1. When you look at A:G87, is it open to solvent by less than 50 Å² (accessible area, probe 1.4 Å) and either closer than 30 Å to B:T95 by Cα or within 14 Å of another protein chain (Cβ to nearest Cβ) (or both), yes or no?
2. Does segment B:194-204 contain any residue that is assigned to a loop (DSSP other than H, G, I, E, B) and either facing chain A (nearest Cβ under 9 Å) or within 16 Å of ligand 1 (Cβ to nearest atom) (or both)?
3. Report yes if B:K132 is on the phi < 0 side of the Ramachandran plot, within 14 Å of chain A (Cβ to nearest Cβ) and either away from ligand 2 (no atom under 16 Å from the Cβ) or in contact (Cβ under 8 Å) with a residue 24 or more places away in the chain (or both), otherwise no.
4. Please work out which residue is farthest from A:V81 (Cα to Cα), limiting yourself to segment A:93-136 and to residues that are β-branched (V, I, T) and crowded, with 16+ Cβ neighbours inside 10 Å.
5. Name the one entry in B:S209, B:S255 that is open to solvent by 10 Å² or more (accessible area, probe 1.4 Å), more than 23 Å from the chain's Cα centre (by Cα) and at pLDDT 95 or above.
6. Look through segment B:181-192, keep the residues that are touching a Gly at 6+ places or on another chain (Cβ under 7 Å) and either more than 11 Å from chain A (Cβ to nearest Cβ) or open to solvent by 10 Å² or more (accessible area, probe 1.4 Å) (or both), and return whichever of them is farthest from ligand 1 (Cβ to nearest atom).
7. Please determine, by comparing only the residues of segment B:33-52 that are assigned to a loop (DSSP other than H, G, I, E, B) and over 26 Å from the mean Cα position of the chain (by Cα), which one is nearest to the other protein chains (Cβ to nearest Cβ).
8. Search segment B:170-182 for residues that are closer than 16 Å to B:N86 by Cα and pair each with any residue that is small (G, A, S) when their beta-carbon atoms are under 6 Å apart and the residues are at least 6 apart or on different chains.
Amino acid sequence: MTNDENKEGIGGMANPRRYGIERVAYLLMRLSGLGLLAYFVAHIYETSNILRGQVGWNEFLELTQTTGGHIFLAIVIGMCVFHTVNGVRVMLGHGGVGVGKPARPDYPYDPASQNYRHKIGIYSAIVLAAVAMMYGLAVMFGE
Amino acid sequence: MALVSHIAEEQVSTPVSSSKSITLKIFRYNPEHDDSSKFMEFTVPYEKWTTVLEAILEVKKHFDHSVAVRYSCRQATCGSCGMMINGKPRLACFTKISELDSNVVTVEPMNNFPIIRDLAVKFERLFDTHQKIKPYLIRDDTELETDEREFLQTPEEVEQYIQFANCIKCGLCNSACPTMATDSSFVGPQALAQAYRYVADSRDKGKDSRLKIIDESHGIWRCHFAGSCSQVCPKGVDPAMGIQLLRGYLLGFRS
Ligand code: HEM
Ligand code: SF4
Ligand code: FES
């Protein structure tokens, strides 16, 4: 037994397979939020290389010119776009916008809050993130 | 006579015992005696209409009476029989084996609830959080004092909360919730949906005190609108909607 409370734990929390695209969006939002936070910290560190003068700065910048650097930056672009677009959707939802109106439910009880407006929001966030990543990769590798 | 034999023939051609069967895997664990949990497998016949609860009761009747399972109404009304069925929280009495589309049906105790034994879990915390949000009408007068003897509501006013009054306290929503999976103190979708149920009731005057109860660090703000609660609710309560509408009040989008 994992614990007395039988809590599902992080594995259950992060499992995106059981509860539709909304749970996938939940996971991606968390991962991209934490990813952006990590990037933000790393970014401060990276730009502080300017203190080492032009040589140090250029040295570090070269990291981003490698294949690995390009892929890393493409992932950052993807996280940024997904997190922002989905973030707007989540903020609207948190404010009660587009979550449906209370009504006497009927079998099979499709929940009104899990509606097409929010699904479109999630899919748009994913598609826009993919397009931005591809554009970024095209620019970076096209140099 | 011809008619009678026709009926007799038809009865013969209708199989009495089903030819279809599934493997039912039942989670077994007694926290008082066992070091670890295990699964026991049973082959159970089923018909198109056989529910998972009926299959479990079949096992209890013919193979092993010691399987612990809680149930009462068998019709999705008492909220007793929630369990993980093939990995998702569902009511055993409201889930047909045929709809699961699988030759193996695995039943486990609901996640995020302490195990009493096998499939039976403790509901104390759910009842505590439910009680915490004051699940009753709050107002100074009583129906007996007014001349009408009852507080009248228009059908539109009823429509505002009746969906949330469908809750049978089965706990499936709390079991599906990703926040509940890691946070033992979270008030949970069940209680939050009930907070909305009373806040949205035109007869209730306890909105401010209820909003205060849920506006705490392990309260409503731990909801990330993943919506899993609403997807598993067997009564169409849609806790995720209620929670976001409730948060609308706290954020000042609604009054
Ligand atoms: C304009 C851009 C952004 C918007 C609209 C936005 C929106 C949001 C929203 C609504 C949430 C809460 C999601 C939830 O309730 O599950 C969130 C979470 C978060 N955001 Fe952002 N955000 C933005 C930019 C950023 C940036 C630049 C960073 C990093 C420096 C960041 C880091 C985080 C983190 C760490 C979380 C918490 C993730 C979690 O634990 O679930 N966000 N964001
Ligand atoms: S809201 Fe639905 S899933 Fe949650 S306890 Fe009530 S009836 Fe069960
Ligand atoms: S036995 Fe009552 S809800 Fe299933």
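1. For A:G87, the condition - open to solvent by less than 50 Å² (accessible area, probe 1.4 Å) and either closer than 30 Å to B:T95 by Cα or within 14 Å of another protein chain (Cβ to nearest Cβ) (or both) - is met.
2. yes
3. no
4. Result: A:V99.
5. Checking each option against the conditions leaves just B:S209.
6. Step by step, filter segment B:181-192, then rank; the result is B:Q190.
7. B:S36
8. B:L172/B:G82; B:A176/B:S228
The values are calculated or read from the model by the stated rules, or taken from the named source; none is laboratory data. All values reported here derive from a predicted model rather than from experimental measurement. So basically every Cβ, Gly included, is an ideal-geometry build from the backbone, and we count neighbours across all protein chains shown. Accessible surface is based on the protein model in full, side chains and every heavy atom, while ligands, DNA and RNA are left aside. Shrake-Rupley method; radii C 1.70, N 1.55, O 1.52, S 1.80 Å.
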